[in-house]
Each structure stands twice: as structure tokens, then as C-alpha cells.
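Everything on this sheet refers to the single structure shown next.
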């Protein structure tokens, strides 16, 4: 279906056909939900052994009684595991609580209140502070940036990461730039993996950027591959060492999509100097992380092999779901001018771009036919996609049967909205 | 031993006797630690059933899958329990993570950055912000206040709570006052319980104070009685309702000294308006609390009766330890002018006041004889006790035998330092 080349007559015929199809969907009164990038109950059950895995032994390998106070930065053995995941040294890691978003918020809030380099570098004391946001991106990154009163400027997300020409130009041109948001592997929502060249260019930004500039490297999907041949992300820390820019990057990851989404452990990795600065402020904000839950994670996932085995089980649950979404899109929209999407090799999303000006309408139509989608625009700062094209599809939670139903509705809505737009 | 009335000759004789006694202590090369108000391993073991108590059932009574994302403010059933402890309604409670200090920090940091009443009430936009700190008090309260750039002014802690004449005078006189720190039951470190009249007067402060003034009511020892006849704390929320000052108080408590010190759950209770404001900002800072650990707590402590039973077991472990500390003090210093202390009915501390100018010296002497004590001055803002008198003794962790040894050293050091001061 190519609406650009279609005659008005043809468009009218399609409109009538698709309206009937749409009404048929509506008549089934389905209640499907593709909004949230959260694990399914089946995935969560893979880690059900977490509760009880201590068998009454609450003592960590280094002798720490995990039940008591103490230990601001987490169990050393768990740092080691995180270090392997992120390609850093164990002493460059802080283990946090159940939310890496909290570590990101703290890094940003401490930068705002106290300065990433300590007194004199407080972002709050500057007239204006700007973060660069590749779009489409993750709504919670944008929301916390806005909450702290930080301005956002967008750059396009390409197939191999942010448009680095645009990022470098902003760093050169705009003296207020203090941050860059990145989800470098299986970017939320496009699913792209940053190329080695992009990772290297991001590591070099610290050479030209303001000393209080920081990359927020949210590696949420570091080990979340859908297949064994998935692409590898270059470790940014190695490039940073090469260019002497170790202080310019905060790396984050968590087990939220490895064990329990709401009850995992989170990690921050950065240079020893950044870490010292971060811990200095963290010490006032907590009595320390939940070390008992850290020990549970260490018992369930003692090493990288155990981690890989667990992630393979996740993949076996996720892969058919992604397959369902992609095959319905492929079948319904392959030969068309109605939209574009990527087939991600991992992560939690499929990102779909409609013809300009149609994302909101497609989400509305799908919602009213029983398939709830993430609000269009959510993937842009301030919730506003300038072109109104991007829709984030989250296949992890529904069953394959539900996904087939939801995506059939979706394809009908994309076609119907596109045809109606041409007719208007 | 009354040093004020003693002759120089007598003082010299004592000095020589006590020096020999002190050297005998030193010769034993003990390593005792009374610094930290943390539970002993025996106390922690009372809750060892926590890990594993879910038996694979992660679903909360209201149907929530606690493993997944969602639920910013915690499980409703746990709110109900906290509401009973604090004398509020369940919908006035937020359940947090493992650290009530984090909730306090967040309440203060949100007040600083965004204002306790929202835009226009930001503390950061005022020339100066002052918190009233009853002294001696809790070092971590003072540290976090200082961290946020808030000034501190002290008022004396009396046997029935803060000197309310002084507090009310400050509120009348100083327009920069925005906060008051309180540990209303078994105050850290004096162990006093605020009288009903004091609680009522604190609840009334909101009538005269600035609209952005808040009482930080850290009820850390709400159910931590050493005996069944322990005093009862008046519920401040009831007085606040009476005086229409519901927005002036944030109440905090946690299970840190009920279950696991480092892996419990924390609670904030306040007015619906404050709670809405708090949650608005909390939403950017976390994906939500660890609901799995909340459910564990609900299973272990389903109701007030279970809580009371658990606390009675704690008391049976703590009571002999307090007894040991108090009886050595009593025996060694009863008939003397060398110091004063209270016998608390609960909490975690015994607070001792030396003769003026001796606390630091006693802590030094005791440390060098093998009994490590909390640094003198820690119980005052900026770590400085103006009189250098207060020493906080924490009896919970050592065994009774260790406490007897440590307190014998302590008594020798108090005597020796006092005699030497008179001789100097």
C-alpha cells in the first residue's frame, strides 16, 4: 500500500475497507497493553529462587553481616560482577538499591547542588545548564532532567547511535552543555547499538567539553541480547582511559531486567575521583544500600556464566514476542510508504515511525480499538515529538497471541490513519 | 568521690591510685566498642525468617506482583501497619526503601530544591534557612542539614523534650527558621520521651511558624521499649488535627531496629497535601521501592501483636545490656560530682555528661585503654559540644561481659580525667 501514489478513488476504497476492519477490531472489545517495558511474570519467575536463596546465611564472602548497618558502596564481590559487565575495575563501582534511576537522579542532583567536581562546579550556580538528548529517547531521563531545571536540546538518534556531528557541534557551540543522555546498547526505544566509532567519539567529548560535563551512560540492556549473535558494545571506559577523559562518564546498569524489575540491584561505575565525590554526598542521603538483597543476587548470579545462562532464558521468552511484533509489521507494512522500524537484536522495544503527524492519531485509534500504546511524544523531551511520528512498542509483557492481536489492530490503525490523512 | 571538695593531697592520692588502675586496664589490651547504635547479631537473628518467608509467593494481598515495577508509595497493607505505629491514617503514609534517613534527606532536599509547599516556597531561594536542633541530638540529622547548606541553631534537650520556651522564642524571633529536628521517643542520645505537653506545643508551632516550616519527627524508636511499663508517646498527628497544623509535621520511622538494620523498610507519614507534594518529586527519583522486601516484612509482621512479640524479644536482649551499663555507672559514680546520666526506658543509648571540658579527654583515655567510644561532640551540630561534656554510650552490640569491662574502663577514665583537671 503506497498512499503517496494512490488516486483519490483508491484511497476512498481503502478507507472504506479499513474502516470496516477497524470496526471489526473494536467489536471484539479486546484489552491489550503494549505500553510498559516491563518483564512478564514468566520472566520474573526465572529468579524466584532469590527469596530463600540465603538459607539463613547472611554473611557475605568478605565476612560482612549483610543484615546490619555499614558499607556505603556495596558488597565487593557484587562490584566485581558489575565491573565485568561494564568493562571497568571493581573499585570503580558503587552498588546501589533497587533503582538505577535513583543513582542517575542522585548523580544529576549532586551535580546540580554540589557540582560534579565539587565546590565551584555546581550546575545550580550557572545561568543555564543544558543536557543533550538524542531522540527518540527514554522519557524518564527527560523527566528527571526537566525536574532539576535543566534545559534539553535534542539531536537525532541514528542507526549507530546519536548523530555525533550534531553532538560535537553543540559541545563546541553551546557553553551551557553539561550532560549527554545515552542508552548505548539497544537504545530505548530504537533498539540500536552504538557503533565503536560512536562510542569512541563520545569518550572524546570530555577533551573539548566543560570540565563539569558528564555523559550519563545508561547501559540498562548491557546483557539483554535476543540471540547469541547479537552485536557487542565497545567498552567506553577503555576509550576514556585512552583519551584521559575518565571523569567525563557516569555508567549505570541494574538487574531490573535480569532478576526482579522492582527488587533488583543497581550499579554506578565511574572514575575514582567521581566516585569519591559521589560517595561523599551519598553518605548523607542513606544508611547504605540493602546488602541482604545484594547477597541474594550474588548467590543467584555468582559469575558471568550464571548471568549468561539466565539471560538466555529471558531471550527464549522475549524472542518469540519480538518475532510476533516484527512479523505482523513485516507482513502488513513491508510493501508500503506507511512507516519504518528497526528489528532490534535485544532490549525491550520496537520503535515505529509513522508518516509525519500521525503518531498521536494512531495511538488514539489503537487505544479505542483495545490496544493501549505508549503515548506518542513520550520519547521526546517535554513529551513533544516535533514531527509526531514516533511510537514505542513494548512486546515483553503480553503473550504471543495477544501481541498478534494487538499488532493486527496496530497495522490497521497505521493504514487507516495514513489513508485518512491523504484524503483530508 | 567529690573532687570539688577534695584537698590537693587527696586529689594526688586519687590520681596515683587511678593511674595505676588505668594502667592495669591498658595492660589487658582489650578491644571493646561502644560507638555504634546498631543491633547485635543476636537481635538480627530474631528476623532471620525474613529471607525465604515468601515461599515463592510474591503476590501481595491486594494482588500486586511485588517483583515487577509499579507502586511508588508502597504496599497498602504495610501502610496500615505503619499508620498504627504512628497514629495516623494509612493514606497518610509512604513506604520507602531500607533507610528512613533517605526519606528525611529527600524531604529536606525537596524542600530545598522545590519548596515544601511547591513553587515559591523553595528554601534554596531564601537568603538563609535555619533548623532548630535540640542538643545533644543525632549526628546524622545535623550532618544532612549542614550538607544542604542549612544553618543550625541549638536549644537544650530537657528531660521531657526540647526546651519549648527556647523553641517558641526562636520561631517568634527568627524569620529564617524552617525546621525542627525531633527524636520524640527515647531521644538520641538522652533517651528521654517527650511529654504530652511538649508534643502538644510542637504541634502548635505550625500556627505561628512560617508556612514553609516543617517538624522532622524522627520516631526511630517508636516501639523500642525496654520494659512493658515504658512511657507512651502522645500521637502528634492528633494534636495537629486539633490545631489545624497537619502540614507542619513530617513523621518518620523504620524497621531498621525491628528487623534488619540495613535491609528493613522505612515510612514517611504526613498530611495528604504534603504527601502529594512529596510523591510528585519522588516519582522522578526512583522506579519505586522494593516491594518484595515490603511483602517479606508484611509476612513476618502481619499486625501489631506480631510486632509487640518481636519487640519483646529485642527487649530481652537489650535490657541486660542497659542494666550492665547503668549498674557500673551507678556503682562507680553514684556518690560523686563527676557526671550525670539518665536511665532510659528504651531506645539505643545512654547519654553521659562529664564535668565541663572533659568529654573529649575521657573518650581519648578510654580509647587508649581499649574501650572505643563515639567521638565527643558528635551529638552537636558541626561536631562541637560547647561545654565538651556529652558522651553517647551505645550498649546494644557488645555482650554483657564486654559491657562490664568497657564500663569499668569508662568509670576509671571519668574519675582520672576529673581528678587531673582539678589538679591542673
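Quick note: the coordinates plus some simple rules give every number you see, no bench work behind them. Being a predicted model, the structure only gives us computed values, none of them experimental. Here the Cβ positions follow ideal geometry from the backbone for every residue, glycine too, while neighbour counts run over all protein chains shown.
In terms of its alpha-carbon gyration tensor, region A:66-301 comes out oblate; a/c meets the 1.5 threshold, while b/c is at least as large as a/b. Just for chain B, what percent of DSSP beta bridges are antiparallel, to the closest 5? Here the share of antiparallel DSSP bridges comes out near 50 percent.
Computed from the C-beta positions of residue A:232 and residue A:28 and an R0 of 41 Å, the FRET efficiency is 0.45 to the nearest 0.05. One Cα centroid belongs to region A:279-326, the other to region A:200-225; the line between them spans 22 Å.
Quick check: from the Cα gyration tensor, does region A:22-119 come out rounded (a/c under 1.5), prolate or oblate? Oblate shape, in that a/c is at least 1.5 and b/c is the bigger or equal ratio.
Run the numbers on region B:192-288 and let me know its relative contact order in percent, using alpha-carbon pairs under 8 Å that are six or more apart. List each step's numbers first, then the result.
Numbers: 103 pairs, mean separation 27.5, N = 97.
Relative CO of region B:192-288 lands at 28 percent.
When Rg and Dmax are taken over the Cα atoms of the protein assembly as shown, they come to 30.3, 120 Å.
Between this copy and the others, label points of residue B:146 are 3.8 nm apart in ascending order, each placed 7 angstrom from Cα in the Cβ direction. Of all DSSP bridge pairs formed entirely within the protein assembly as shown, close to 50 percent run antiparallel.
In chain A, Cα pairs under 8 Å separated by at least six residues give a relative contact order of 27 percent. Classification of chain A by its C-alpha gyration tensor yields an oblate form. The axis ratio a/c (a ≥ b ≥ c) is 1.5 or more, and b/c is at least a/b. Post the alpha-carbon centroid distance, region A:334-380 to region A:107-165, in whole angstrom. Using only Cα atoms, the two centres lie 26 Å from each other.
In whole percent, what relative contact order does region B:59-303 give with Cα contacts below 8 Å and a gap of six or more residues?
Values: 437 pairs, mean separation 68.5, N = 245.
Relative contact order here is 28 percent.
Computed from Cα positions, the angle between helix A:196-208 and the longest principal axis of chain A comes to roughly 60 degrees.
Per-residue ellipticity at 222 nm for the protein assembly as shown, helices alone: DSSP H runs ≥ 4 residues times -39500 (n - 2.57), over residue total, nearest 500 deg cm²/dmol? Kindly include the intermediate steps, with their values, before the conclusion.
On the way: 26 runs with 358 residues, N = 848.
The helix-only estimate for the protein assembly as shown comes to -13500 deg cm²/dmol at 222 nm.
Distance between the 7 Å Cα→Cβ label points at residue A:364 and residue B:128: 5.6 nm.
Within a 10 angstrom radius of the beta carbon, how do A:413, B:397, B:53 rank from fewest other beta carbons to most?
The fewest-first ordering by Cβ neighbours comes to B:53, B:397, A:413.
A point 7 Å from Cα along Cα→Cβ stands in for residue A:243, and the other copies hold the same point at 5.9 nm, listed in rising order. Starting from the label point of residue A:308 at 7 Å along Cα→Cβ, the same points in the other copies fall at 5.7 nm, in ascending order. Please determine, in degrees from 0 to 90 and to the nearest 10, the orientation of helix B:76-86 with respect to the longest principal axis defined by the Cα atoms of chain B, where the helix direction is its Cα long axis. For helix B:76-86, the angle is close to 40 degrees.
Chain A's nearest residue to the axis relating it to B, judged by Cβ and reported with the distance in whole Å, is A:52, 2.
Once you have the Cα-Cα distance between residue A:421 and residue A:196, take 0.36 nm times their residue separation minus that, and quote the gain in nm to one decimal.
Working: separation 225, 0.36 × 225 = 81.00 nm, distance 4.04 nm.
Result for the pair: 77.0 nm of gain on full extension.
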